[in-house]
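Asks: Please see the structure below; I have some questions.
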Amino acid sequence: MEEPGTIPVTVNDLSKEMRNNSTSFTRLEEVIFGVTFVTIFALLQLPCERTQGSRVPTVIFKGKPAIFHAFVVSLDFAFTGAVMTMSLRQGYPHLARHCRLLAIFSVAAVAGILVCLAVDPQLQALKSRKYSVQR
């Protein structure tokens, strides 16, 4: 028994409304923006050394300034792509899509660099063990 002047609302209507509402979920570019922003400020807090005229964090990139610079450039592209995507997604969705792809590929490069840095010591240990067994 409906009261006069009320509109029945079903669960299906509510789920459609939630899917259409852009504030109901976090978009990937917003996550990339947040992660890169926090990473940039975390890098500023790490202890650094001067290597070949530039500051390189000693915690992760000790003695590897080229890898650090590749990391920073990839991080910068990911940050810029995410910010541009958020700025352009309403007015220029096609251009925003390309910026989003830039952010995704750049954050994948950042992750790849970190994985390579994590795997490198294990590979060096494996090589030295293999070399000592062959002697």
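Asks: With the condition kept exactly as written, say whether any residue in the range 52-61 is at negative phi, free of Cβ contacts under 8 Å to residues at least 40 places away in the same chain and part of a helix (DSSP H, G or I).
Replies: The answer is no; no qualifying residue exists.
Asks: Could you check how many residues of the range 4-38 are modelled with pLDDT of 60 or more and more than 22 Å from the chain's Cα centre (by Cα)?
Replies: 6
Asks: Further question: Hey, does the range 113-130 have a residue that's under 17 Å from residue 35 (Cα atoms), free of Cβ contacts under 8 Å to residues at least 24 places away in the same chain, of a type in the set (A, V, I, L, M, F, W, C) and part of a helix (DSSP H, G or I)?
Replies: Checked against the condition, which is being under 17 Å from residue 35 (Cα atoms), free of Cβ contacts under 8 Å to residues at least 24 places away in the same chain, of a type in the set (A, V, I, L, M, F, W, C) and part of a helix (DSSP H, G or I), the range 113-130 yields at least one hit.
Asks: What about residue 90, is it modelled with pLDDT under 90, polar (S, T, N, Q) and not in a strand (DSSP E or B)?
Replies: So residue 90 fails the test.
Asks: Would you mind finding the one in 109, 103 that is under 28 Å from residue 47 (Cβ atoms), among the aliphatic types (A, V, I, L, M), under 16 Å from the mean Cα position of the chain (by Cα) and assigned to a helix (DSSP H, G or I)?
Replies: Residue meeting the stated conditions: 109.
Asks: Which count do you get for residues in the range 39-79 that are among the β-branched types (Val, Ile, Thr) and either modelled with pLDDT of 95 or more or closer than 13 Å to residue 114 by Cβ (or both)?
Replies: Number of matching residues: 6.
The values are calculated or read from the model by the stated rules, or taken from the named source; none is laboratory data. Worth saying up front: this structure is predicted, and the values here are computed from it rather than measured. All Cβ positions, glycine included, derive from the backbone under ideal geometry; neighbour counts span all protein chains shown.
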